Amino acid sequence: MSIKRLDLMVGRIARMERPPTGQSRRSADVGCMEGGTMRRLLGAAGVLAMLAAVCVQAAPSTLPESGCFRIHVRLNGRAIADPAAVTVRGKTGESTLSLEGGCFKVPAFLLAEESLDVAFAAANSNISLVAIHTSFFADTWEVDLADKKFRGDVSLPKGARVSEACAVVFHGGEPERAMSQTLCWTPLSVRR
């Protein structure tokens, strides 16, 4: 909203303070409060509401836009380098995404699907997460990897190898969502 438009709206509110033509102040009384006083209060409330709306529009958004997600990776509880590129696959195609403005922006044709697969390189390994619901592609993701043991709140199926599993927390609302997947972490090169 422009300042000029705001000035026009404030002027209209100010004109509302005057009693209608042909009426005295007494005939415009509302209860025990004068009509002019009531109008001034309502006018002031309106001005405050408009200013709040302008401030909200002018403030930079800290929430990621739809289809814009971030990935942070931890190995054994320590933060490691976040991926610079990810590949997102769906039934209709795939796209390799680079960081733009601190997040990965998923194309609309992929967001139209129910779930997507995501692959990226981190910790000298390939990470491949399958069937991630598209509603999580506006969140910040925390991907935990572990060589021997996850923290206490991560559960894996019996017989699953910790060194091949990923625990993911999606930070995008209350409560936060978490999941774990097996066979998602493989080394980039196998030395023999």
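Only the coordinates and a few stated rules stand behind these numbers; no lab work does. Remember, it's a predicted structure, so these values are computed and weren't measured experimentally. Note that we place each Cβ from the backbone using ideal geometry, even for glycine, and neighbour counts take in every protein chain shown.
Remark: segment 88-139 carries a charge dipole of roughly 80 debye about the Cα centre, counting +1 on each Lys and Arg Cβ and -1 on each Asp and Glu Cβ. Our Cα-only numbers for segment 68-187 put the radius of gyration and Dmax at 13.7, 41 Å.
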